């Protein structure tokens, strides 16, 4: 099984979000794919099958199970395909996934993904949220994930949440965000204790919650987002109603073969 490790949403090794990418001819068992994800211990490992020149099937596994949408591992997969087996006469790849057809377009050194936006439902800020995050959000919303909003970017940057308490909150992931500092529109972090991931270093699907929120709040569709994990990451985003476009860079860390 061809195997690659890619750092996504960065132009530097040891930054961004590392993803495993497995190119396979046929689907192996779910159990084996989950075991590979557990062995890797990345937040996601992607498995892709080529259907034709620019069309692929794509699935993502965390150490805690399969997930329906993942940004950085999609970017990483597209990066590898454009590098190893580029399509003819197109700069766009299509992936059939649990979340429908996803497209990734190569634009210079950026890879732009068009993902479905999550519809955000306002929910009350609770004492449980404050206890889990160690700070009180000013607003909270629920899509697939919980989105907790804070006033100060330093609150997000310095946050040391209680993983056990976060696992008791609503949402598959728990995303936290605040207004941007420096030249960014938004600062965020993403946590996934329910998926056996303390912190997702740079979360693409999380930004399908974060970007719609900031686009509406700031009255602008182009959002430059900074993920303030230890590894850090930068996302160049565009909100287009039902679609959120996420673009970023990627670098290859390793390539090899899984002996299965």
>> Here's a check for you: in segment 151-178, which residue that is in contact with a strand residue (DSSP E or B) (Cβ under 7 Å, 6 or more places away or on another chain) and surrounded by fewer than 21 Cβ atoms within 10 Å (Cβ to Cβ) is nearest to residue 64 (Cα to Cα)?
In response: 163
> In segment 49-72, how many residues are in contact with a helix residue (DSSP H, G or I) (Cβ under 9 Å, 6 or more places away or on another chain), crowded, with 16+ Cβ neighbours inside 10 Å, touching a residue at least 40 places away in the same chain (Cβ under 8 Å) and closer than 25 Å to residue 209 by Cα?
Replying inline: 7
> Going through segment 96-111 one residue at a time, which ones are surrounded by fewer than 16 Cβ atoms within 10 Å (Cβ to Cβ), touching a strand residue (DSSP E or B) at 6+ places or on another chain (Cβ under 9 Å) and assigned to a loop (DSSP other than H, G, I, E, B)?
Replying inline: 98, 109
>> Tally up the residues in segment 200-228 that are surrounded by fewer than 20 Cβ atoms within 10 Å (Cβ to Cβ) and either touching a strand residue (DSSP E or B) at 6+ places or on another chain (Cβ under 7 Å) or in a loop (DSSP other than H, G, I, E, B) (or both), please.
In response: 5
> If you take the residues in segment 154-182 that are closer than 18 Å to residue 199 by Cβ and assigned to a strand (DSSP E or B), which one is farthest from the chain's Cα centre (by Cα)?
Replying inline: 178
> Is it the case that residue 151 is in a loop (DSSP other than H, G, I, E, B) and farther than 18 Å from residue 203 by Cα?
Replying inline: yes
>> Just to be sure before I move on: is residue 219 more than 16 Å from residue 142 (Cα to Cα) and free of Cβ contacts under 8 Å to residues at least 12 places away in the same chain in the structure I sent?
In response: yes
>> Take residue 257 and tell me if it is more than 24 Å from residue 134 (Cα to Cα) and either modelled with pLDDT under 95 or surrounded by 15 or more Cβ atoms within 10 Å (Cβ to Cβ) (or both).
In response: no
> Which residue, of 75, 34, 93, is buried (at least 16 other Cβ atoms within 10 Å of the Cβ), part of a strand (DSSP E or B) and modelled with pLDDT of 95 or more?
Replying inline: 93
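The values are calculated or read from the model by the stated rules, or taken from the named source; none is laboratory data. These numbers were taken from a predicted model, which means no experiment stands behind them. Every residue, glycine among them, receives a Cβ derived from its backbone with ideal geometry; neighbour counts consider all protein chains shown.
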